[in-house]
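Here's a structure for you.
The values are calculated or read from the model by the stated rules, or taken from the named source; none is laboratory data. In this text, all values refer to a predicted model and were calculated from it rather than measured experimentally. In this analysis, Cβ positions are derived from the backbone assuming ideal geometry, glycine residues included, and neighbour counts consider all displayed protein chains. The accessibility values were calculated without ligands, DNA or RNA, using every heavy atom of the protein model including side chains. Shrake-Rupley method; radii C 1.70, N 1.55, O 1.52, S 1.80 Å.
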Amino acid sequence: MLFKLAIVFGAIYFIYQKLINNNLLTFSKFREQFSVIWTTNIWKLILLLLFTDANWLLEIFKWKTLVSPEKKITFFDAFEQCFASLTASLITPNRIGEYGAKALFFEKEKRKKIMLLNLIGNMSQLGVTLFFGIIGMAYLIMNFNFPIPSVNSKNILIIIVVGFLIYLLRDKFQLHKIRTYFIKLPKTIFYKTLILSLLRYLFFSHQFYYLLLLFGIETDYFTVMNLLFCMYLLASIIPSLPIFDWVIKGSIAVWLFGLIGINELTIITITTIMWLLNFAIPALFGSIFVLNFKLIEIE
């Protein structure tokens, strides 16, 4: 936990230094940045909100698809479980609380399987992030003289040893049972989950790009998207608390988009808006379901 908080405070300090060094840390400039959203054309604002709606609709359908082998649930059930689990994961590292929160909506004997299904959903989303992230990193290295880090032989040895220990202790971790369960799942579940994860990734990536356009940033689409791929990849591998997600993404985005000369304050504003639309506001909705869920559990 202390390590994760150190990363968060380090990111905050990095952003602070960037804004101070460029004389951007003033209330009037922050207000001017956010006023761009409220004074924009109403149809452009609606389109911005539609990106958020699409993002969450895809996540809800993905969860509904994933749990279907164990239990057929309605769209509203999936809606409730997704938003309630989001709220429950607020203060847990890397949203790990989401696993337990979703599982509690199901009968006790199904909870372990529900957690495994949730793992599939998260791994598919991470897989998409890794795929595009590698493309983005390759673009970054080839076009911005980005240094390739040297590989430490000690780190490779540690990875091999850990992998070997997991293999030896696989029965202890019941990995064979997990593998058997995954094999029995219909292949269409995996395909649909991957497709929905891909669409979700494309929607929230383009929402960021659309915000850049709203703020008057017109630059090469291909370059911007590759930098976004890098940002999401790096943010996904840095451990942090979800409530501080905007800080981590903001610091990474400031560094990456600084390579093409985009104003730091604009990037901080955009990452904050993205966090509010796709995380903070949905978490507030989820709190309603969390309160309702507690009453059900007591009964």
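Taking the condition β-branched (V, I, T) and under 17 Å from A54 (Cβ atoms), does I217 pass?
Values: β-branched (V, I, T): yes; under 17 Å from A54 (Cβ atoms): no.
Spelling it out, it is not the case that I217 is β-branched (V, I, T) and under 17 Å from A54 (Cβ atoms).
If you go through segment 121-132 one residue at a time, do you hit one that is more than 25 Å from F229 (Cβ to Cβ) and part of a helix (DSSP H, G or I)?
Checking segment 121-132: not a single residue is more than 25 Å from F229 (Cβ to Cβ) and part of a helix (DSSP H, G or I).
Restricting to segment 38-48, and then to whatever is touching a residue at least 24 places away in the same chain (Cβ under 8 Å) and in a helix (DSSP H, G or I), can you tell me which residue is nearest to the chain's Cα centre (by Cα)?
Among them, the one singled out is L48.
Here is a follow-up. Could you check segment 108-143 and list, in sequence order, the residues that are open to solvent by less than 70 Å² (accessible area, probe 1.4 Å) and over 21 Å from S205 (Cα atoms)?
Answer for segment 108-143, where residues must be open to solvent by less than 70 Å² (accessible area, probe 1.4 Å) and over 21 Å from S205 (Cα atoms): K110, R111, I114, L116, L117, N118, L119, I120.
Could you list all residues from segment 49-90 that are within 15 Å of the chain's Cα centre (by Cα) and not in a helix (DSSP H, G or I)?
S89, L90
Condition first: more than 23 Å from L202 (Cβ to Cβ) and surrounded by 21 or more Cβ atoms within 10 Å (Cβ to Cβ). Now tell me which residues in segment 266-287 satisfy that.
I268, G286
Given the structure, is Y191 open to solvent by 40 Å² or more (accessible area, probe 1.4 Å), of a type in the set (S, T, Y), at pLDDT 85 or above and within 25 Å of N278 (Cα to Cα)?
Spelling it out, Y191 is indeed open to solvent by 40 Å² or more (accessible area, probe 1.4 Å), of a type in the set (S, T, Y), at pLDDT 85 or above and within 25 Å of N278 (Cα to Cα).
Oh, and also: If you check V162, V128, V151, which single one turns out to be under 30 Å from A253 (Cβ atoms), among the aliphatic types (A, V, I, L, M) and at pLDDT below 90?
V151
Any residue at all in segment 204-223 that's in a helix (DSSP H, G or I), under 23 Å from A84 (Cα atoms) and out of contact with any strand residue (DSSP E or B) (no Cβ under 8 Å at 6 or more places or on another chain)?
Yes, there is a match, as at least one residue in segment 204-223 is in a helix (DSSP H, G or I), under 23 Å from A84 (Cα atoms) and out of contact with any strand residue (DSSP E or B) (no Cβ under 8 Å at 6 or more places or on another chain).
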